[in-house]
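The values are calculated or read from the model by the stated rules, or taken from the named source; none is laboratory data. Note that the structure is predicted; figures quoted are calculated from it, not measured. Neighbour counts are summed over all protein chains in view; Cβ atoms, including those assigned to glycine, are modelled from backbone coordinates with ideal geometry. For accessibility, only protein heavy atoms count, side chains too; no ligands or nucleic acids. Shrake-Rupley method; radii C 1.70, N 1.55, O 1.52, S 1.80 Å.
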Amino acid sequence: MAQASRLGTQLIAVIILGRLLPPADFGLVAMATVVTGFANLFRDLGSAAAIIQKRDTNAQLLDSLFWLNLVFGFGVAVLLGLIAPLIASGFSEPRLKEVLWILLLSFPLASLGSVHQALLEKASRFRPLAIIESAAAMIGLVGAVWAGWSGWGVFSLVLQTLLATLFTSIGLWVVSKWRPGFNWDASEIHGVLGFGGNLVGFNIFNYLIRNIDNLFIGRFLGSTDLGYYSMAYRLMLWPLQNISSVVGRALFPVFSCLQVDRGRLAGAYVRATAAITLITAPMMFGFFVLREPFVMVALGERWLPVAEVLAWLVPVGLLQSIGTTVGSLYLATGRTDVMFKWSVGAGLLVIPAFAIGLHWGITGIAAAYFVASLLLFLPGLAIPFRLVDLQVSTVIWKLVPSLAMAFCMALVLFASNAAWTVDADEVGQTLRLVLLIMLGILTYGCLSLLTQRTLLRDLARLAVNR
């Protein structure tokens, strides 16, 4: 429920700020996010994941990792501040320098709560974590909307990030009972560098794959096109960030406890993936059909090019919502080395695909992303499944009912949307979208009750009994 609240906050932010700010401002922040997101990969050197994966941790290890994270947080901020003018010159966007100088404050702020968050996740204390992150997101939204109304322009989006980071760290210190001591043991740090080093390597290549499209668009097509593309990408990522990634995050400590029992680990993964698909499949199929009326109602006519990009990115979101939780299998089994090698191989396909798609603008980039994701989907499942003796066909067979029901729902929505040909004002368009969404929910809900009663019963039990 807290995650649903957070999703609603993000939706409100996109709708309000999308009307207050021009697409170029979103494009400028997208350029800055490419840089800060990459720098963030080095902030904790994979130490947070190592804390969760290790069966036993001691005070010296935790203290050492806290101070290491803090040093790296300040170091990354200083380095980013020094090279900000060069980055702005490379993007041919002078305003980017000031945006980066302010955003770099987020690195030491985030480092302050890194170990606290890892300990809470290791103990599966996700209720307070979700409340902290939801509250921080809401504070960031309020600050950004106030700044947008006050004429701050692009810096209202920057303020949103800083406020969310600051209040997340404050909340983690309030909730967590652990406090760092002044201990330092290099041998303890050395023990997690192998695991963390491969994880950082994977994160670097994975981040490159996820952001090379933004680099291409920002460098060759400009901030306005990047604003359209980044908005479409944000919309596509909602189910991925707020359902699949959250479930994967919750599964990681559970899988780490089950790492010595591969059979139970594989069974838990299959059930979790089926539950994810039950939720994300109708969202993505429905979003694909209703993408144009959604953009018109939520963002306005000037954002209409976003709908063309979504035609290709929504299927990417569906594939990734199914496959993203495999990262938990790599981490729980300690095979970050295999995960790193896979990311390198995937990058060799995705990056040339983006370069080819660039010739057809942002729609070509999105189409290239879909083709590459489709080609990588099955190998991306097969490799980690071998670590837990799981067959791809076993998982796919469990997902077929949800995918089939979502497809049927999409056909109903497509026919209903096509039959509704009467032009309407903005209120009428909003009512039309709401009614179509309700029709989709009703259709999928009835089909689920007919075919997925066992899975629904299990989910209801989990919701009630935690």
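Annotations
- Long-range HN-HN contacts of residue 185 with modeled amide H, under 5 Å: 64
- Residue 359 sits with roughly 150 Å² accessible to a 1.4 Å probe, with DNA, RNA and ligands left out of the calculation.
- Remark: the residue 301-residue 105 segment gains 67.0 nm on full extension, using 0.36 nm per residue and subtracting the alpha carbon distance.
- Simple spin-label estimate for residue 82 and residue 392 in nanometres, 7 Å along Cα-Cβ: 4.6 nm
- Using a probe of 1.4 Å on the protein chains alone, the accessible area found for residue 83 is around 60 Å².
- The convex hull of the Cα atoms of segment 77-222, projected and averaged over all directions, covers 11.2 nm².
- Cα-based convex hull, the chain, per residue volume (Å³, whole number): 142 Å³
- Accessible surface, segment 3-118, averaged per residue in Å² (probe 1.4 Å): 38 Å²
- Computed on protein heavy atoms with a 1.4 Å probe, the accessible areas place 54, 177 in the order 177, 54, largest first.
- Per-residue SASA remark: residue 389, around 130 Å² accessible (1.4 Å probe; ligands, DNA and RNA not included).
- Residue-normalised accessible area of segment 344-405, given per residue in Å² at a 1.4 Å probe: 49 Å²
- For the chain, the carbon plus sulfur part of the accessible surface works out to 69%, probe radius 1.4 Å.
- Farthest towards the positive end of the charge dipole of segment 333-425, among the residues 339, 361, 418, is the Cα of 339, using unit charges on the Cβ of Lys, Arg, Asp and Glu.
- Charge dipole (debye, nearest 20) of the chain; +1 at Cβ of Lys and Arg, -1 at Cβ of Asp and Glu: 1160 debye
- Dipole magnitude of segment 1-154 about its Cα centre (Cβ charges: Lys, Arg +1; Asp, Glu -1), debye to nearest 20: 280 debye
- Ordered from largest to smallest accessible area (heavy atoms of protein chains, 1.4 Å probe), the residues 279, 15 come out as 279, 15.
- Gained length - residue 16 relative to residue 453, 0.36 nm times residue gap less alpha-carbon distance: 153.5 nm
- Positive-end extreme of charge dipole, the chain - chosen from 449, 283, 130 (charges on Cβ): 449
- For the pair residue 446 and residue 56 in one chain, pulling the backbone fully straight at 0.36 nm per residue adds 135.7 nm over the alpha carbon distance.
- When segment 210-338 is described by a simple charge dipole with +1 on each Lys and Arg Cβ and -1 on each Asp and Glu Cβ, the residue from 212, 265, 329 located farthest towards its positive end is 265.
- Cross-link partners of residue 177 among lysines (Cα-Cα below 27 Å; sequence separation of 8 or more within a chain): 54, 122
- Each residue of segment 362-379 was assigned a 3J(HN,Hα) from its phi angle through the Karplus curve 6.51 cos²θ - 1.76 cosθ + 1.60 (θ = phi - 60°); the sequence is 5, 5, x, 4, 5, 5, 5, 4, 5, 4, 5, 5, 5, 5, 8, 4, 5, x Hz, with glycine and proline shown as x.
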